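Report on one structure; see the data block that follows.
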Amino acid sequence: MEFQEKIDKLSFGAKAAIIVVTVLLIGGGWYYFYYIDAAKKADSLQAEVNKLYKFKRQLPGLKVKYKKAQMEFNKYKNELPVKEEIPSLLVKLTNIIKSEDVSLMSFTPKNAVDKKIYYIKPINVTIVSTYKNCGSVFEDVSRMSRLFKINNFSVTNPKVINSHKVLLHVKFNAETYYFKK
C-alpha cells in the first residue's frame, strides 16, 4: 500500500491529530531552538538600550560636572604641577627669605614619596632669622600659588645680638606636591 492510500484510510480525527501534532512539533522546535535564544538576546539588548537611555538622561549633568571639574583642575594645576620644579621653587623661597631679611643656610631636597595620583617631594630647610621674620617667611610661603607645606620645625641656638634682636636657627621640613604623569 502506498502512503497516500494509508492517509486516505485514516479518519478525519486521526488526520486532524496528525496535523495538530506536526504543527506542535514544528512550533515547539522553533520555540526551543530559535525563540528562547532570540528572546534572551532581545532582553539583553533592551537592558543595554535602557542603560544607554539612562546615561543619555544623565549626560547633561555629567557634562556640567566635567566642566566644573576641569575648571577646578586648571585652578589647582599651578598648585600641583606635573613635575618637581625644584629650581623654580628654590628661587621663590630664596626671594621670600631675602625679602624678610633671613639667611638661608641649607635647602636639601629628598626623594619623592609616591602616592596614588601624586608625589610628595620633601625638602629639609635651615634658616637663620629672628622669631618675627621666621613667622613672616612662613606666612609668605603659605600665600604661594604653589602648594608648599611646612611642618616639623624646630628652633635652636638662640644668639642675642642686642636687647631687641635674637637670631635663631630654624630647621623645618617642607613638602611640595606634583602630579604623576
Nonlocal amide H pairs with TYR178, under 5 Å, H built at 1.01 Å: TYR119, LYS121
Farthest toward positive dipole pole in the chain [+1 Lys/Arg, -1 Asp/Glu at C-beta], among VAL20, PHE138, PHE55: PHE138
Calculated over the chain: convex hull of Cα atoms, volume per residue (Å³): 217
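Let's see if you can work this out: charge +1 on each Lys and Arg Cβ, -1 on each Asp and Glu Cβ, no other charges. What is the dipole magnitude of the stretch 34-179 about its Cα centre, in debye to the nearest 20?
Working: 26 positive and 13 negative charges, 117 e Å.
In total the dipole reaches around 560 debye.
Please compute the net charge surrounding THR130, taking Lys and Arg as +1 and Asp and Glu as -1 over other residues with Cβ under 11 Å from its Cβ.
Result for the local shell: +1.
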Under 5 Å, built H, 5+ apart or other chain: amide partners of VAL166: TYR131, ILE161
Long-range amide H partners of MET144 with built H, under 5 Å: none
0 to 90° range, to nearest 10: angle between helix 131-142 axis and the chain longest Cα axis: 30
18 Å Cα-Cα reach of LYS132 towards lysines, excluding residues that sit fewer than 8 places from it in its own chain: LYS98, LYS159, LYS165, LYS171
Most fluctuating residue given options ALA14, ALA112, ALA42, as computed from a GNM of the chain linking Cα atoms under 10 Å: ALA14
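Every read-out reported here was derived from the displayed coordinates using simple, explicitly stated rules and does not represent laboratory data. Treat the numbers as computed from the prediction; the structure is a model and nothing was measured. Backbone-built Cβ (ideal geometry, glycine too); neighbour counts: all protein chains shown.
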